[in-house]
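Please read the structure below before turning to the comments.
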Amino acid sequence: MSLSADGIKVGETRESVLVEDLKRTRIVQYAGASGDYNPLHTDERFATEVAGYPGVFAHGMLTMGMTGRVLTDWVGTEALLTFGVRFKAQVWPGDTLTATATVESLEDTPAGPVAHFSVRTVNQNGAEVVTGIAAARLEP
């Protein structure tokens, strides 16, 4: 998949529902895939009784990875040059997450045109859980 510089405009947005009703199973599967078995994400008793949280919560990198899908579904994985986020709030089992990517600027570089994006993921209550930026190479 490639996107041409003529096919994208500043201010253009894409929105994607990343997950509806996030399951604990998915969080544990991510722990296994990433090797991050921090008990805050997998052990309810530890999360509540020791750490004082209301329960287990998703890994930030799981949320970042899901957020990246709004970009890769739009521009493709090969075109993505940079992607960085700031974690704003925890993501809990049961959350529904929706991501939005917005074209902030277009740049002509020696390697060809590049689109710069802002990204934002919110939960079902509209609370931001992730914000960030990305850049993708475009076909001339």
V75 fails exactly one of the following numbered conditions: (1) surrounded by fewer than 18 Cβ atoms within 10 Å (Cβ to Cβ); (2) farther than 26 Å from Y37 by Cα; (3) of a type in the set (V, I, T). What is the number of that condition? (1)
Check on R86, in contact (Cβ under 8 Å) with a residue 40 or more places away in the chain, charged (D, E, K, R), within 17 Å of G68 (Cα to Cα) and touching a Gly at 6+ places or on another chain (Cβ under 9 Å): yes
When (1) open to solvent by 70 Å² or more (accessible area, probe 1.4 Å); (2) over 16 Å from R137 (Cα atoms); (3) in a loop (DSSP other than H, G, I, E, B) are applied to V10, the one that fails is (2)
So R120 fits all but one of (1) touching a residue at least 12 places away in the same chain (Cβ under 8 Å); (2) exposed (fewer than 14 other Cβ atoms within 10 Å of the Cβ); (3) outside any loop (DSSP other than H, G, I, E, B); (4) out of contact with any helix residue (DSSP H, G or I) (no Cβ under 8 Å at 6 or more places or on another chain); what number is the exception? (2)
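When residues of segment 13-38 are filtered for being assigned to a helix (DSSP H, G or I) and touching a residue at least 40 places away in the same chain (Cβ under 8 Å), how many remain? Lay out the reasoning, then the answer.
Step one: of segment 13-38, the residues assigned to a helix (DSSP H, G or I) are 24-34.
When the remaining residues are screened for being touching a residue at least 40 places away in the same chain (Cβ under 8 Å), the result is 24, 27.
Number satisfying all stated conditions: 2.
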From the list G68, G132, exactly one residue is in a helix (DSSP H, G or I), out of contact with any Pro (no Cβ under 6 Å at 6 or more places or on another chain) and open to solvent by less than 20 Å² (accessible area, probe 1.4 Å). Which is it? G68
Quick one: T67 ticks every box in (1) touching a Phe, Trp or Tyr at 6+ places or on another chain (Cβ under 9 Å); (2) β-branched (V, I, T); (3) at pLDDT below 95 except a single one, so which number is it? (3)
Find the residue count for segment 82-99, including only residues that are touching a helix residue (DSSP H, G or I) at 6+ places or on another chain (Cβ under 7 Å), within 22 Å of K23 (Cα to Cα) and assigned to a strand (DSSP E or B). 3
If R26 satisfies every condition in (1) open to solvent by less than 60 Å² (accessible area, probe 1.4 Å); (2) over 30 Å from R137 (Cβ atoms); (3) at pLDDT 95 or above but one, which is the exception? (1)
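Taking segment 16-68 as the search range and keeping residues that are polar (S, T, N, Q) and touching a strand residue (DSSP E or B) at 6+ places or on another chain (Cβ under 7 Å), which one is nearest to T82 (Cα to Cα)?
Among those residues, the one meeting the criterion is T67.
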In segment 28-85, the residues that are acidic (D, E) and farther than 30 Å from G7 by Cβ: D36, D43, E44, E49
Go through segment 41-59 and report how many residues are in a helix (DSSP H, G or I) and open to solvent by less than 30 Å² (accessible area, probe 1.4 Å). 2
Hits in segment 131-140 - residues which are farther than 19 Å from T77 by Cβ and touching a helix residue (DSSP H, G or I) at 6+ places or on another chain (Cβ under 9 Å): P140
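The values are calculated or read from the model by the stated rules, or taken from the named source; none is laboratory data. None of the values given here were measured: they were computed from a predicted structure. Here Cβ is always computed from backbone atoms with ideal geometry, including for glycine, and neighbour counts include all displayed protein chains. Surface accessibility is based on the protein's heavy atoms, side chains included, excluding ligands, DNA and RNA. Shrake-Rupley method; radii C 1.70, N 1.55, O 1.52, S 1.80 Å.
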